[in-house]
């Protein structure tokens with residue numbers, strides 16, 4: 001999908017039905033920003049806590065690996 005197609009679909013409407021029967025009427029952008037992102041982090045935090053409780057070495061660096069291409073090569077620690 002081209003990025004302009006994604007931008008164009010941001011204003012499409014999504015009807016999201018909750019288990020209680022309530023229906024949220026949102027644009028695709030609102031759904032992603034206000035519902036899906038919150039749901040993602042809500043489930044991520046317990047998973048992170050469980051992994052840490054089980055002694056899995058997991059820290060901030062594991063969440064920002066996508067930033068590695070932006071590091072200035074001369075600032076990488078030697079050793």
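Bear in mind these aren't lab numbers, they're just calculated from the coordinates by the rules spelled out. Not measured: the values here are computed from a predicted model.
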Seminar exercise, completed: Residue-normalised 222 nm signal for the chain, counting each DSSP H run of n ≥ 4 as -39,500 (n - 2.57), nearest 500 deg cm²/dmol, is -9500 deg cm²/dmol
Seminar exercise, completed: Once normalised by the length of the chain, the mean sequence separation of its alpha carbon contacts under 8 Å that are 6 or more apart gives a contact order in percent of 15
Problem set entry | Ratio Rg/Rh, restricted to the chain and using Cα atoms, in which Rh is the Kirkwood radius | 1.15
